[in-house]
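A.B. asks: Have a look at this one before I ask anything.
All of the numbers you see were taken from the coordinates with simple rules; none came from a lab. Every value quoted in this text rests on a predicted model; they were computed, and no experiment measured them. Reconstructed Cβ throughout: ideal geometry from the backbone, glycine too, with neighbour counts over all protein chains shown.
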Amino acid sequence: KFSTERHQPTPHAHHPKKTAPPIPQMRDETVIRIEKILESGLAEEYAKLSPIAKQEFKIKGEEVAEKIKGLLSSTHIKVKKIFFLIVEWLRILPGVNKFFLEQEAKIKTDHIIELHKKQQVKESNKLI
């Protein structure tokens with residue numbers, strides 16, 4: 001006789017062992033602070049994005065934060081370059097007008113420069 005029952009494999013038969021989760025990389029404190037500045041005040045606009053757009057916005061934001069950190073480490077800070085990096089990143093948000101983009105980018109640039117100044121003071125105090 002032929003059975004109509006299907007053979008169910010045992011749970012361990014064909015499944016490889018689970019590997020340990022990857023060890024999280026140490027994230028740079030300055031980059032994390034820059035990311036916090038970049039994301040502040042954008043919750044409403046971010047909520048309107050599709051899941052794919054949210055991921056794109058997040059990844060691009062992380063890239064912008066890394067680039068800004070690099071710009072801050074140079075001897076002459078290029079404020080306009082930081083501003084334009086932020087504007088380009090904010091343009092991912094749909095339906096946001098130019099005035100809002102520039103205003104947000106200016107505020108965020110000012111906060112980032114302020115963060116940098118505070119960190120420089122901390123560093124110089126460590127040397128004393």
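A.B. asks: Which value, in debye to the nearest 20, gives the size of the charge dipole of segment 60-128 about its Cα centre, when Lys and Arg are +1 and Asp and Glu are -1 at the Cβ?
C.D. replies: Numbers: 14 positive and 9 negative charges, 37 e Å.
The dipole magnitude comes to about 180 debye.
A.B. asks: Using every pair of alpha-carbon atoms in segment 34-122, split the distances into 10 Å bins beginning at 0 and state the percent of pairs per bin, rounded to integers.
C.D. replies: Taking all Cα pairs of segment 34-122, the binned fractions are 17, 52, 25, 6, 0 percent.
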